[in-house]
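Notes follow once the structure below has been shown.
The values are calculated or read from the model by the stated rules, or taken from the named source; none is laboratory data. In this text, all values refer to a predicted model and were calculated from it rather than measured experimentally. Backbone-built Cβ (ideal geometry, glycine too); neighbour counts: all protein chains shown. Calculation scope for accessible area: heavy atoms of the full protein, side chains included, ligands and nucleic acids excluded. Shrake-Rupley method; radii C 1.70, N 1.55, O 1.52, S 1.80 Å.
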Amino acid sequence: MKVKMWGVRGSLPAAPARSQAFSKVKKALESFVKQQKNNPQLSVDEFLNLPESQQPCYGGHTSCVEVFTDKTQLIVDGGSGIRPLAEHLMAGPCGMGKGEAHIFMTHFHWDHLIGLPFFIPIFIPGNRVHFYAVQEDLEQNIRRMFTKPNFPVPFEALGAQIFFHSMEPRKPQMIGDIQVTPYQLDHPDPCWGYRFEHQGRAYSHCVDSEALRVSRDDLGLDLPLYQNCNVMVFDAQYTFEEAIEKTNWGHSSAPIGLDLAMREKIPKVYFMHHDPSASDEHIAYLQRRTEDYYQARLKALRDSGSDVFEVDWEFAWDGLVFDV
Ligand SMILES: [Zn+2]
Ligand SMILES: [Zn+2]
C-alpha cells in the first residue's frame, strides 16, 4: 500500500507570494555562486543535489491524500489538493468516463471540501463517484458544494453517477483490497480519522485533531486507530505553545503526536495541516524545534531507564509519496 499527499496545508490554501519565490531563487543563486568559487566545475544539476540547495518547499494545497494499491485507489478529503489529483486521474479510465473514485470525508470544514467542485471526473458521464462518511449529513454537505450562487453547475447536472455511503463508527469496511475503519478524532465539529489496512500493514490518518484525548483510557474505543499501525499522519498545525493557547481550535502539535507514537510504537509519522500563514522557513523552524523536543525526550527516557522506541518522522509536503 502507498500513500500520496496531494494537499498538506490546513485551513486555507496558501500559495507562495511572489516575494517568497524571489527570495528562494535569490538564496539559491547566491549559494550556487559561493559553491562555484570553490568548485568551478560544479554544474547546476550537481548543485541541486547538494543538501544546502534543497530548500524545503511544503506546498499550499489543503487536505487531500490518496491511499492506493495495485488494485484499489482511495481518496481522503476533497481539499484543494484534489484538483491536481483529478488531473492525474483524468489520464486513466476517469478521462474516458469509465473510472471509479472513492472519497472518504473526515469532516466538512471548507479546507476539506473546497476542491470538490474542481474534481473533473465528477462531471464526466460514465464515471462513478462514491462518497463515504460517518456523519449523517454527508449527502447534504456534498450537494451544497454544487449550488448557485456559490458554484454555477448544480448537483443534478453532474455527469458522473454519485453514491453516498454511510459508515458505522469503528466498523471495518472493505473497498477493493483495502480495509477502512473510521475512528473519532477531537475536533470542534465531528471529525473521523481512518485506519487503512492491506496485507497486514496499516496507515492511520489522524487529521484534523486536537488530540485532547491522549491516554489509553481517554482514547477508549478510538485507541485502535493508533495501535499496531506502521505509518501515522498527524495534525501539527501549531507549536506546542500555540496548541495550548488555541484550546478548542481543533488542531494539535508535533510533540503530542511524537509522544503518542513513542508510546504506541508507531515507527513512522508524517505531520501535516500546516498553518496557512506559515512560510516554508517557519515550517522548517518548527521541524528543528520538534527535533530538539524529540532528542530531549529520548534522553529523558534513557536517563530514567525507561524503554525507548525511536520514531522516524518528517513534516509532509505536497507531492510526497510513501510506502506503508
Ligand atoms: Zn482542516
Ligand atoms: Zn477542521
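When the P(r) is computed for the chain, the part past 37 Å accounts for 21% of the Cα-Cα pairs. For residue 313, the residues whose amide H sits under 5 Å from its own are 269, ignoring neighbours fewer than 5 places away on the same chain, with H placed 1.01 Å from N.
Phi-derived couplings, Karplus 6.51 cos²θ - 1.76 cosθ + 1.60 at θ = phi - 60°, listed residue by residue for segment 183-192: 10, 6, 9, 9, 8, x, 10, x, 9, 10 Hz, with x used for Gly and Pro.
What is the chain's relative contact order, in percent, from Cα pairs under 8 angstrom and six or more apart in sequence? Averaging sequence separation for qualifying contacts and normalising by length gives 18 percent for the chain.
For segment 115-213, a Kirkwood radius taken over Cα pairs fed into Stokes-Einstein (20 °C, viscosity 1.002 mPa s) yields D = 140 µm²/s.
Surface exposure of segment 19-169, expressed per residue as accessible area with a 1.4 Å probe, stands at 53 Å².
For the listed peptides 38-46, 251-259, 210-218, a ranking on the average number of other beta carbons within 10 Å per residue, highest first, reads 251-259, 210-218, 38-46. Residue separation of residue 168 and residue 295 scaled by 0.36 nm, minus their Cα-Cα distance, works out to 41.7 nm of gained length. Comparing 106, 181, 72 in a Gaussian network model of the chain, where Cα atoms under 10 Å apart are tied by springs, the biggest mean-square fluctuation is seen for 72. Highest-first packing order for the peptide set 75-81, 99-105, 283-289, 119-125 is 75-81, 99-105, 119-125, 283-289, based on the mean count of other beta carbon atoms within 10 Å. When the solvent-accessible area of the chain is split by element, carbon and sulfur atoms take up 54 percent of it, the probe being 1.4 Å.
Rounded to the nearest 5, the antiparallel percentage of DSSP beta bridges internal to the chain is 45%. Of all the options 277, 63, 11, the one that moves most in a Gaussian network model of the chain with Cα springs shorter than 10 angstrom is 277. Segment 174-224 and segment 17-64 have Cα centres lying 37 Å from one another.
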